[in-house]
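Have a look at the structure below, then the notes.
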Amino acid sequence: MTHRVGVVGGDGIGPEVIAEGLKVIAAAGVELETTDYDLGGARYLRDGVVLPDEVVDEWRTLDALYLGAVGTPDVPPGLIERGLLLKMRFDLDLYINQRPFVGSSHEFVVIRENTEGTYAGEGGFLRKNTPQEIATQGSVNTRHGVERCVRYAFELAMTRRRHLTLVHKTNVLTFAGDLWERAFHEVAEEYPEVDTAYNHVDAACIYFVDDPQRYDVIVTDNLFGDILTDLGGAVSGGIGFASSANLHPGQVSMFEPVHGSAPDIVGTGRANPTAAVLSGALMLDHLGESEAADRIRAACANPDSLPGSTSEIGDLIAGRL
Ligand code: NAD
Ligand code: IPM
Ligand code: MN
């Protein structure tokens, strides 16, 4: 059975790492019917197109989406990130951002709420460009959105070591934090087998570095999850190994590395494609190809034995398959 996958290489190192991901998937013997979408900063600069609604509608009919990275210094910040990546997550209601981390002493997964919080776009300017200018950027937390994310995290914990940590900042964000905490404790009653813990996000930064073994599953809001998962990558071999899945269980979902377009190393061959390869493995899990996904994970080189360039790393992993 072939799987229909939309591919957005995107900007910077995005296309470089996605090429290696597709190479490895082919080497694992999985056939994909891919459609390339020329989207990102370069496309925007060419003809002003960011992400048309018709393209999103087409994506709804596919089995999965595979994305490199988007965003470039040539375009004002947020234009592509919000107009393409967040539009993708929001329009397809990809409410779970699952980001697994494996280090020498730890193995945990962050479940980041992916459609709300400070990312929702609430806010605006008053008196812009005057000395009295005001900018607000609110955090939107719906009971529905928080609860479905928390429930997903408990379900995932049930399949693992049955330990779930809520990370937030309840000592300061007393409205959003209170809603998260209540939803977390109410859903916890449905999962008496799962041990629960709570960390403030600042303390979680310490534990990510000093004591990551304490974690099994972490659930957190959109912005905390964004920041924590770059740190998760940094303490798990490097950002070039950090993979992610943007999920709406049962519907088309999107798979991409945690890292961005890395304009500082584009074209140098220094981009580590492993994050894209491992994101491809998460995509194969979603497509019902878990056996191939497990073989890809097993084939990924450990951080200490990486050969030189982007394509050499891709070749090494593909060769092991
Ligand atoms: P970045 O993740 O692109 O880069 C941060 C640092 O990590 C850089 O030094 C970079 O060289 C390094 N790095 C990243 N990926 C690497 C890899 N695979 N191998 C080796 N080194 C790697 O973050 P940034 O510089 O803050 O953002 C650059 C652009 O990417 C911005 O426009 C940002 O909005 C965008 N971005 C996009 C995504 C995405 O599409 N999912 C994610 C994050 C950032
Ligand atoms: C990520 C990225 C995105 C985010 C940006 C590019 C919108 O940093 O996927 O981690 O903040 O979610
Ligand atoms: Mn990020």
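All of the numbers you see were taken from the coordinates with simple rules; none came from a lab. This structure is a prediction, so every number in the text was calculated from the model and none was measured. Cβ coordinates were reconstructed from backbone atoms using ideal geometry, including for glycine residues, and neighbour counts include every protein chain displayed.
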**Complete:** So, with points 7 Å from each Cα along the Cβ direction, the Glu291-Thr61 label distance in nm works out to 3.1 nm
**Message:** Between region 204-234 and region 131-199, how far is it from one alpha carbon centroid to the other, in angstrom?
**Reply:** 14 Å
**Request:** Using Cα pairs closer than 8 Å and at least 6 residues apart in sequence, work out the relative contact order for region 75-157, in percent.
**Result:** 22 percent
**Request:** Provide the packing ranking of 179-191, 13-25, 135-147, i.e. peptides ordered by the mean count of other C-beta atoms within 10 Å per residue, highest first.
**Result:** 13-25, 179-191, 135-147
**Request:** Could you run the Karplus curve 6.51 cos²θ - 1.76 cosθ + 1.60 with θ = phi - 60° over region 115-121 and give me ³J(HN,Hα) per residue in whole Hz, x for Gly and Pro?
**Result:** 10, 10, x, 5, 7, 5, x
**Asked** R0 = 25 Å: FRET efficiency of Thr2 with Arg320, Cβ-based, nearest 0.05?
**Response** 0.60
**Asked** What is the spin-label model distance, in nm, from Asp264 to Ser305 if the labels are put 7 Å beyond Cα along the C-beta direction?
**Response** 2.9 nm
**Modelled FRET efficiency - R0 22 Å, Arg182 with Leu126, Cβ distances, 0.05 increments** = 0.10
**Length-normalised contact order for region 12-122 - Cα pairs under 8 Å, 6+ apart - percent** = 22 percent
**Asked** Using helices alone, what [θ] at 222 nm do you get for the chain, with -39,500 (n - 2.57) per DSSP H run of 4 or more residues, divided over all residues and rounded to the nearest 500?
**Response** -11000 deg cm²/dmol
**Request:** Among Leu284, Ala26, Gly225, flag the residue with its Cα farthest along the positive direction of the charge dipole of the chain, charges on Cβ as +1 for Lys/Arg and -1 for Asp/Glu.
**Result:** Gly225
**Asked** Nearest-5 percent of antiparallel DSSP beta bridges in the chain?
**Response** 40 percent
**Message:** Run the numbers for Ala203 and Glu312: contour at 0.36 nm per residue of separation, minus the present Cα-Cα distance, in nm.
**Reply:** 35.4 nm
**Complete:** Summed over the other residues with a beta carbon less than 11 angstrom from that of Ala157, with K and R at +1 and D and E at -1, the charge totals 0
**Message:** 7 Å from Cα along Cα→Cβ at both Thr174 and Glu31: what's the point-to-point distance in nm?
**Reply:** 6.2 nm
**Inter-part distance where region 237-255 and region 39-60 are each reduced to a Cα centre, Å** = 21 Å
**Message:** I need the peptides 211-219, 108-116, 3-11, 297-305 ranked by packing, meaning the mean over residues of other C-beta atoms within 10 angstrom, with the highest value on top.
**Reply:** 108-116, 3-11, 211-219, 297-305
**Fill in**
Output ordering of 310-316, 54-60, 95-101 (per-residue mean of other Cβ within 10 Å, highest first) is 95-101, 310-316, 54-60
